[in-house]
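K.L.:
Below you will find the structure I want to go over with you.
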Amino acid sequence: MDTPTVITLDLSECQYIDDLHQRIKTAFDFPDYYGENWDAFWDLIRGARDNTMVEIKGVASLSKALRKEVDKMIECLEDNIQEMEKLKQRRPDFDCRFGYQVID
């Protein structure tokens, strides 16, 4: 099997929701039109990432409010795992591996 594409999202010392979304935009190489909200995040990751591992770092350094925002992001990542599983059923030729891990 091919080595997965690794997306490293370092949230160390992130203080504001705008900064969080800027780091997401950079790590995921999102286009300029990224709306910097969870609906926009979902729209850009949904089913479009094959053989990808997302590594999330620095969560322990975040405020309680930003941790709640990261939880929303993780919900999107979990939903995408489910979407990729469904895609695998329809398109067995497509490399549907997708995952994430929180590293602190």
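K.L.:
Suppose we filter Arg97, Arg46, Arg90 for residues that are open to solvent by 30 Å² or more (accessible area, probe 1.4 Å), closer than 23 Å to Leu11 by Cβ and basic (Lys, Arg); which single one remains? Give the derivation first.
P.N.:
On the way: Arg97 fails: closer than 23 Å to Leu11 by Cβ; Arg90 fails: closer than 23 Å to Leu11 by Cβ.
The conditions single out Arg46.
K.L.:
Applying the selection to the range 75-104, what residues are in contact with a strand residue (DSSP E or B) (Cβ under 7 Å, 6 or more places away or on another chain) and assigned to a helix (DSSP H, G or I)?
P.N.:
Leu77, Asn80, Ile81, Met84
K.L.:
Going residue by residue through the range 5-17, is there one that turns out to be hydroxyl-bearing (Ser, Thr, Tyr), loosely packed, with under 14 Cβ neighbours inside 10 Å and within 11 Å of the chain's Cα centre (by Cα)? Talk me through it step by step, then tell me what you get.
P.N.:
Restricting attention to the range 5-17, the residues satisfying the condition of being hydroxyl-bearing (Ser, Thr, Tyr) are 5, 8, 12, 16.
Applying the additional criterion that residues be loosely packed, with under 14 Cβ neighbours inside 10 Å yields 5, 8, 12, 16.
Pick out the ones that are also within 11 Å of the chain's Cα centre (by Cα) and you get 8.
So far as the range 5-17 goes, yes, one or more of its residues are hydroxyl-bearing (Ser, Thr, Tyr), loosely packed, with under 14 Cβ neighbours inside 10 Å and within 11 Å of the chain's Cα centre (by Cα).
K.L.:
Need pairs with beta-carbon distance below 6 Å; first residue basic (Lys, Arg) and within the range 53-76, second open to solvent by 40 Å² or more (accessible area, probe 1.4 Å) and part of a strand (DSSP E or B); sequence gap 6+ or separate chains.
P.N.:
If the second residue must be open to solvent by 40 Å² or more (accessible area, probe 1.4 Å) and part of a strand (DSSP E or B), the pairs left are Lys57/Asp10; Lys57/Ile103.
K.L.:
Of all residues in the range 31-52, which are in contact (Cβ under 8 Å) with a residue 40 or more places away in the chain and not in a loop (DSSP other than H, G, I, E, B)? Show your work before the answer.
P.N.:
Taking the range 31-52 and keeping what is in contact (Cβ under 8 Å) with a residue 40 or more places away in the chain, we get 47, 49-52.
Across the range 31-52, the qualifying residue is only Thr52.
K.L.:
Can you name every residue in the range 23-35 that is within 13 Å of the chain's Cα centre (by Cα) and open to solvent by 20 Å² or more (accessible area, probe 1.4 Å)? Steps first, answer last, please.
P.N.:
Step one: list which residues in the range 23-35 are within 13 Å of the chain's Cα centre (by Cα), which gives 23-30.
Selection gives Arg23, Lys25, Thr26, Ala27, Asp29.
K.L.:
Taking Lys88 as the residue in question, decide whether it is basic (Lys, Arg) and modelled with pLDDT of 95 or more.
P.N.:
no
K.L.:
If you scan the range 56-85, which residues turn out to be small (Gly, Ala, Ser) and either open to solvent by 80 Å² or more (accessible area, probe 1.4 Å) or at positive phi (or both)? Talk me through it step by step, then tell me what you get.
P.N.:
Start the filter on the range 56-85 by keeping residues that are small (Gly, Ala, Ser), which leaves 58, 60-61, 63, 65.
The one that is small (Gly, Ala, Ser) and either open to solvent by 80 Å² or more (accessible area, probe 1.4 Å) or at positive phi (or both): Gly58.
The values are calculated or read from the model by the stated rules, or taken from the named source; none is laboratory data. Being a predicted model, the structure only gives us computed values, none of them experimental. When we count neighbours, we look across all protein chains shown, and the Cβ atoms used for this are built from the backbone with ideal geometry, even at glycine. In case anyone asks, the SASA skips ligands and DNA or RNA and just uses the protein heavy atoms, side chains included. Shrake-Rupley method; radii C 1.70, N 1.55, O 1.52, S 1.80 Å.
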